[in-house]
Every structure is written in C-alpha cells, then in structure tokens.
Protein chains: 2
Amino acid sequence: MSTHRERVVIIGGDAAGMSAASQLRRLRPEVEVIAFERGTYTSYALCGLPYLVAGFVAEPSRLVARTPEAHRRNGIDVRLHSEVIGIDLAQQQVIVVDHEAKREYRESFDRLVIATGARPRSLPVPGRDAEGIFTIHSLDEALALANWLESQRPRSAVIVGGGYVGLEMAEAFITRGLQTTLLEAAPHVMALLDSDMAELVERELQQGGIRLVLGAPVEGFETRQGRVTGVITPVGTFEAEVVVLGIGVEPNSELARDAGIVLGDRNAIHVDEHCRTSAPGVWAAGDCADAYHRLLGRSIYFPLGTTANKQGRVCGLDLAGREARFPGIVGTAITRFRETEIARTGLTEREARSAGFQVVTAQVRSTTRSGYFPGATWMTVKMVAEEPTGRLLGAQIVGGSGAGKRIDTVATALTAGMTLDEFIYLDLAYAPPFSPVWDPVVVAARKLAREV
Amino acid sequence: MSTHRERVVIIGGDAAGMSAASQLRRLRPEVEVIAFERGTYTSYALCGLPYLVAGFVAEPSRLVARTPEAHRRNGIDVRLHSEVIGIDLAQQQVIVVDHEAKREYRESFDRLVIATGARPRSLPVPGRDAEGIFTIHSLDEALALANWLESQRPRSAVIVGGGYVGLEMAEAFITRGLQTTLLEAAPHVMALLDSDMAELVERELQQGGIRLVLGAPVEGFETRQGRVTGVITPVGTFEAEVVVLGIGVEPNSELARDAGIVLGDRNAIHVDEHCRTSAPGVWAAGDCADAYHRLLGRSIYFPLGTTANKQGRVCGLDLAGREARFPGIVGTAITRFRETEIARTGLTEREARSAGFQVVTAQVRSTTRSGYFPGATWMTVKMVAEEPTGRLLGAQIVGGSGAGKRIDTVATALTAGMTLDEFIYLDLAYAPPFSPVWDPVVVAARKLAREV
C-alpha cells in the first residue's frame, strides 16, 4: 500500500474554489487540500459589494460566508497573500509567490482546481490611472471606494457602463446623495435585455434621478493634480469627482492558457460537465471557466456567483469520486435599481435570432398582485418562443417589488424544455396578495401562444 | 344548410363559466351563448372577499373583473337572478327560475356548461341560524359581514376553521382591531400542510395576536335574543359577537347528479381533460368539478380560482372546436397571515404516504434574501421526494415576504417530473436583494438529496 497522501491544490479562495475544497474535504477527509488565495479574504459575496458601498451592509465581515480560519478548521490549508504565477503540468507543480514572506516556491499537486475568477475589463484611455477612478471587483476595491466616499465627500459621480454593476452602483450613489451620471457606450443599457425592455429600465433610472447618457463611449478622463475631474466622451465631457467603471469582466485564464489548457468562449477555460479541463487531472470552475448553455447547445462565458457555487460543488464531488454532473445554465440573471426589479432567462429575442432560431415574441404589462390589492404594482414580461414548435426560449421581466423572482418559473420551464401550451397550464400559486389569477408570466405565454 | 343557430347554455356566471363563454364567443361569434347567474354579479374575485372585509379593497366593484354589461357587450346573454333548478338532458333543456320576474321557464340548449361553483360546508349544530354568524363565499355575504362590522361594532370575533379562509379572516379581524379567537377542530391548522409546517403557522397566528384553540370542534352556538354570543366546544365556550365559518366548501353538483351525470371525489362533477362530463354535450368546470392530479394519477376535488379559470378556458376552446387539454393540477396553493406567507405544492408528506409513495423529507430554514441584506427574513421549506428514485413529490413553504411565490419553481419542476438531482442545478435567479446564493428551495433539495 502506498503511504502517499493525495494532495489537491486549489488556485483561488472564493466561491468556486472553496466550494470544491469543502465538498472534497467533507467526503474525503484523507485528502490534503491546499488553497492559494492572493488576497486577504475567502468565500465572500462579490455580488454584495455594490450594496456595501451603498451602506446597506453594516459590516464588511457580513459579506464573508466563510473565513480562512473556518476553512482551516475544516482541514483546508488556506494560504493567503499567496499568488500562483505558473502551473507546471509536467512536474505537477504550481509556482507560488508568497507576498507576505516575499518568497517564491513550488508546491506539488496530484490534482489541481483552477478557480481564479475574473477581473474587470480594462479601459485603456488617457487618464485611467487618476485617483478617484474605481472598479469594484473585490472586497478591497469596494472598501477603497467606500473610504474615498467618506473621506473625500464627492458630490458628483460618473458610472461607466449600464450593466448589472452599473445599475447597482447607480442605486448606491443615489442612496448616498451623489449627483450621478451613467454613461453607456451602446444605444441602450443592459445589453442582456432586448432594447424594448432596456427602455423600461432607462425610464426608471431617469425617474430615479440618474442622468443617463446613451451612446457615450469613454475616450479619456480629465484630471487635475492626478485626480479625476471629468469623463470625456464624443457627446460631451461629464464632471466627476468619483468614477466607477462597470464595463464587464474577463476571465483570469492566463495561467491555464500558458499551461496549454484549452480556452473557449471569450478566453474562458473550457470545462466539461464534470468541470474537467482539457488537461488530465486539472479542473476549473467559476468565473474563470465557461458553462454549457442548454438552449444554445454550446458552452459560453456567462460568469455568475450562482454558477460558480454550482460548478464548485460539482468539481468537489467529482474530485471525491462521486457522480456529479453540471447540466448547464439557461442564462438566468437578476438585478434591481431601487424598487425596479430586472430579470432575464433563456435567450433574448436578439440572442435567439442571432443563434438562428425562428422566433415569435410577446410583451405584456400586468400587475405583481391582483390589481385591487394594496401594494400591487406594474410588471412587464417579454417572452420569446420558437416557431413553429412553440418551445419556450426565454423571458425578460422588468417591474416592481415581487416581479423579478418570477423569472425562476420560466427558468425551470426552459430547463424542462416546455412549450407554451405546457407553460400556460402550470399550476402556479394564486392569491390576491401574490398574483393576478393568471400569473403575469402566463399572461405573456397566453398572448404568445396565439401567435405561434 | 341548416338555419338553426347553435345555442350554448352556461349555468353559473363566475370565473369558470364566463371564461368558457368568453373564449367561445371570441372564437365562434356565430354561436348563441346564454349564461344563467342566480346572483347579482359576474366574474368576481371570490379570493378577494376576506380582503374586502379587512378593508384593503376600497370598493366592492374593484373585485369584479367583468360586469354583466361588459359580458353582454361581448354578445353573451347574461341573465341575472336566474337560477337553474333542473337539467333535462333528454329534452336538452334547463329549467330556470327568474327570481326577479318570479317565473319559471325552460330554455333549450344544444350544448351545456355546468359551472355552479361550490358552497360553504354546513355546520348543523344548535344556534347556527343566529344573527352574527357568517360565511363569506359570495360578494353578498362578504358585504353583509362588512356591514355588520360597521353597524354593530363587535369587539370579539370567533373564526371557526383554520384553513385558508380562516387565516385570511384572522388577518381581516386583527386588522380591524377585533379580539379574535380561531377554533380548529383538528390538532393543527392548515390541513393542507404537514403538522410540522402547520406549527410554524400557529406560532405566527399567536404572535400576531390571535387566540388559537386547537382540537376544538364546534358543538353549538350560544345566543341571546337571536344573536350569537358564544361558540361552544368540548374545551370551552368562547365569547363571540361575530362568528365566521371557514370549514371548507363542497361542490354544487346536485343539478348534475340529478341529471344522471357521474360524480367523482367528494361529489364533484367528474370531468375529463377537455372538461367534458359523462353526458354527451355537457361540460363542467371550476369549483363544482374535479381536476386531474398529475402526481396522484387520478382526479380529486381541489377547488381553486386559478384552476377554475384554466378549466373555463379549456372548456371554451373545446366548445369552439379548438384543440385544448387541461393537463391537470399539482396541488399548488398559497395564502398569508399578515407578513407570513404560506404555500404548498405537490403532496405533503402525509398525503404522499397515504397515496402509497415511499418518501424522504427534509426541512431547512433559510432567508428570503442574502442574510446580510436589509429586509432579509426567515423562511422554512419542507421538501418531499420519492425513494429511491429521487423524484420530487412536493414542497411546503412558510416564511416572510418573498417566501411564498417560490413555490412556483417547485410546481413547475413537479410538472416536468424532475428529480432532486435535476432540481439542485436549476439556473435560478440570484442577487443579494432577492435570494441567498443557493435559493432556499434548492437548499432543501440539496439536504434531501443526501438522504435518497
């Protein structure tokens, strides 16, 4: 019998990596697990950062689901401030820089999990390095922004990018009383919605006090004494004492690429349903990896915390020798701007057409509760189906409190491959405080069913 | 060619009957449609009545989805105060009493739709006919109760029955400032929940100021000068200046039975997936009819407004010669008591066991939003699955704002026949204001998956 104790190395101490580590340790406590994290924190809620800046979260520690100490108590050797700068597949070693001890060393592994996450896309324009320009893709960055807001007391803010982070930061800045401008390079915010639904969001942003400028790509930043004072676009220069960039993320996949591991959509690490990469003995999960899209029938880059957790779980189970298979995503996402909830699942009309589907669409406006019930507010549903089969392809929702999570019903139906006819007769919960007698998502399906 | 104009007669002017009538008229305007309604209203929201009594609904007219005049403008011959007292299948005639004109007549039909709804179950005990004892199964009854509350200003109320109506009336009475006692004959309220989940509801009732008495079947009413003063049970007599009975409903199926039409579960009119009865040319829909339960594989009596609307739609489409099939229910229902939302779908543990399933169950307590997010509140999910297949059989939810409608995700999964393994990886919407990273329904499924 071998006395060798198996060692699994995890690169990245956040959702995906630590989920994998935890599952593995739970099922196979005899395996040695080392997790390298270049930052200070493990397992924290990246999606909560805008709300930390808004002041909704009392303590940064509330965002930490599990501390390094808690992981260590579970037997995981968590090494903080430890950046993996290279993977040597032939030697089965990672090359690590310990930023605290200021030393470089190699650590061997039997199996490896790459969970390096993503980083904000860069914006290589003049003035980008000025003080007062922030991204918020880590707890440290969010705290730096929060400290800046406290110490500098800016009055005017510009947000660059009208995606999820842009909208959430718009809520944060308005909540803190800043004059807030949102610049979007494209003709509409929320590229993950069709433009007719994005327009509803734009109206809410404007009614919520945001100065919204569409078609305004950033060309540079005005600065004074090294600090940002304005944002330059072809349609004007916008005063800003603080700027947040939210123009999307890209996968931290260079380590994998340099080790010869196959990348996929948008340079994400390509993984199979067990989260295995092209290299034997190497797994990947989370925001550095792609995910199989069940409607598109191919893997895409669609980084989300919820997928990271699921992939991490599958990865850990697979490492432990348990049968586990991540069946893929259907493209669900949700956010809000103040009272307005915004959700999508499946394919938008634009996405479906560009994927080659024959589609029909319907949009309906309904109410979140029975119309006569106190607190009932508007919600608009757009639904997309395939012609002539009637198969559901996707839905988008914009509306008041209680609107957004209804997308889960559609996401579940998409996963099951339901047609409009099946969807219409779903036995959904109805009582006046919760819904009109026909749920708004069903009203949309009924309208659409007449057109197929 | 025949010059005979086809005539369809509808008995009952509420959700099911008028949905059928409307669908038929929309698709086949050449058909004559006569709808007999013994009351004053058409197409109103029965489920809204407790909230009318609570004072949440400004105007009774807000509960009317479509007035008789509106139906008439759609070409439906609505005859109010017109009670059908017999069906003569051989002659293809209904016997009608016009309570306004005080005359009886026969009207012939080519095809017939029975949508006579349900009535409160009777409580044949001494004192039942005293003033101050109400049921609220019609708009007139709800208005009578509201008027009584306004004119008599009672201080103490007793609710008999801890089902949906009982809970909703408890909210109504507490909202109006009455000292409220709820008497339940069984050991627990909410027979549609397992007792471990019902206990959560009981705690909320008590914390909400309701005096809750379990195991207290009503044996009679104390009266003074013809007015109720108390409710007599084996465990004591409870003072009451007003009483509401909410002990369930039973189908108005005597007309059908007397015409020789086959009845099913609990004497509901048995219908097939097209809402056709055992008699050729006769359809039934809504609270007088049964419905196919997809998990039980047989038809049961489970009267709900949402099913009535769906059956009415199918009935109308089938009458119009369109392909339409009601695939059945999965037993979804929802209600609330103040801030506490209560929902169920599929089978409870008790129902599943009594139907002969081998089951495993799990109960988890989670939060409606990410735990650190303002407004996050508790929710408990109980999930039931079949052993050893892992097929989902049902779920129950009790919790704060945003908890209840999550039942729709499970209802959709049940409809698709999903297993726990499929359910766990559903691509549900996550952002901190909406959910923990693993939705509570998925947390329950994960816990359960370990036990299968």
task = Identify all residues within the stretch A:238-250 that are in contact with a helix residue (DSSP H, G or I) (Cβ under 8 Å, 6 or more places away or on another chain) and surrounded by 23 or more Cβ atoms within 10 Å (Cβ to Cβ); write none if there are none.
result = A:Val242, A:Val244, A:Gly246
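Residue-wise test of (1) under 23 Å from B:Thr307 (Cα atoms); (2) more than 9 Å from chain A (Cβ to nearest Cβ).
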| position | (1), (2) |
| --- | --- |
| B:Met18 | yes, yes |
| B:Ala45 | yes, no |
| B:Gly55 | no, yes |
| B:Glu59 | no, no |
task = Collect the residues in the stretch B:343-361 that are more than 9 Å from every other protein chain (Cβ to nearest Cβ) and touching an Asp or Glu at 6+ places or on another chain (Cβ under 9 Å), keeping them in residue-number order.
result = B:Thr348, B:Glu349, B:Arg350, B:Glu351, B:Ala352, B:Phe357, B:Gln358, B:Val359, B:Val360, B:Thr361
remark   = In the stretch B:3-15, anything modelled with pLDDT of 95 or more, in contact with an Asp or Glu (Cβ under 7 Å, 6 or more places away or on another chain) and either part of a loop (DSSP other than H, G, I, E, B) or under 25 Å from B:Leu139 (Cβ atoms) (or both) is listed as B:Glu6, B:Val9, B:Gly12, B:Gly13
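For the stretch A:251-263, what are the residues that are in a loop (DSSP other than H, G, I, E, B) and surrounded by fewer than 20 Cβ atoms within 10 Å (Cβ to Cβ)? Before the answer, list the steps.
Quick first cut of the stretch A:251-263, residues in a loop (DSSP other than H, G, I, E, B) only: A:252-253, A:259-262.
Passing the criteria: A:Ala259, A:Gly260, A:Val262.
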key: Matching residues in the stretch B:271-281 - criterion: being surrounded by fewer than 22 Cβ atoms within 10 Å (Cβ to Cβ) and in contact (Cβ under 8 Å) with a residue 24 or more places away in the chain   = B:Glu273, B:His274, B:Arg276, B:Ala279, B:Gly281
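Could you check how many residues of the stretch A:155-189 are part of a loop (DSSP other than H, G, I, E, B) and farther than 18 Å from A:Val218 by Cβ? Before you say what the answer is, go through the steps one by one.
If we filter the stretch A:155-189 for residues that are part of a loop (DSSP other than H, G, I, E, B), which is where we start, we get A:155, A:161-163, A:176-178, A:185-189.
After this cut, where a residue has to be farther than 18 Å from A:Val218 by Cβ as well, the list is A:155, A:176-178.
The qualifying residues number 4.
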key: Residues within the stretch B:319-331 that are farther than 19 Å from B:Ala191 by Cβ, buried (at least 22 other Cβ atoms within 10 Å of the Cβ) and at the interface with chain A (Cβ under 10 Å from one of its Cβ atoms), tallied   = 2
query = So, in the stretch A:212-229, of the ones that are on the phi < 0 side of the Ramachandran plot and without any contact (Cβ under 8 Å) to a residue 60 or more places away in the chain, which residue ends up surrounded by the most Cβ atoms within 10 Å (Cβ to Cβ)?
reply = A:Ala216
task = Search the stretch B:399-430 for residues being of a type in the set (A, V, I, L, M, F, W, C) and free of Cβ contacts under 8 Å to residues at least 24 places away in the same chain, and hand back the single one that is nearest to A:Arg313 (Cα to Cα).
result = B:Leu426
message = I need the full set of residues from the stretch B:287-318 which are more than 12 Å from chain A (Cβ to nearest Cβ) and either touching a strand residue (DSSP E or B) at 6+ places or on another chain (Cβ under 6 Å) or not in a helix (DSSP H, G or I) (or both), in order please.
response = B:Asp287, B:Cys288, B:Ala289, B:Asp290, B:Leu296, B:Gly297, B:Arg298, B:Ser299, B:Ile300, B:Tyr301, B:Pro303, B:Cys315
task = Specify which of the listed residues (A:Val443, A:Val364, A:Val384) is of a type in the set (A, V, I, L, M), out of contact with any Gly (no Cβ under 7 Å at 6 or more places or on another chain) and more than 12 Å from every other protein chain (Cβ to nearest Cβ).
result = A:Val364
ask   = List the pairs whose first member sits in the stretch B:200-211 and is under 11 Å from B:Thr340 (Cα atoms), whose second member is basic (Lys, Arg) and not in a helix (DSSP H, G or I), and whose Cβ atoms are under 8 Å apart, counting only residues at least 6 apart or on separate chains?
value = B:Glu204/B:Arg338; B:Gly208/B:Arg338
query = Is it the case that some residue within the stretch B:415-424 is outside the structural domain of B:Thr306 (by TED's automatic domain parsing), out of contact with any Lys or Arg (no Cβ under 8 Å at 6 or more places or on another chain) and closer than 22 Å to A:Pro433 by Cα?
reply = no
task = Answer yes or no as to whether A:Ala376 is within 13 Å of another protein chain (Cβ to nearest Cβ) and in contact with a helix residue (DSSP H, G or I) (Cβ under 9 Å, 6 or more places away or on another chain).
result = no
Residue that is within 14 Å of chain B (Cβ to nearest Cβ) and either under 20 Å from the mean Cα position of the chain (by Cα) or more than 19 Å from A:Leu63 (Cβ to Cβ) (or both), where the choices are A:Leu200, A:Leu182, A:Leu139, A:Leu143 = A:Leu139
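State yes or no: is B:His270 out of contact with any Lys or Arg (no Cβ under 8 Å at 6 or more places or on another chain) and farther than 21 Å from A:Pro432 by Cα?
Spelling it out, B:His270 is indeed out of contact with any Lys or Arg (no Cβ under 8 Å at 6 or more places or on another chain) and farther than 21 Å from A:Pro432 by Cα.
The values are calculated or read from the model by the stated rules, or taken from the named source; none is laboratory data. Predicted model only: the values in this text are computed from it and were never measured. Note: ideal-geometry Cβ built from the backbone for every residue, glycine included; neighbour counts use all protein chains shown.
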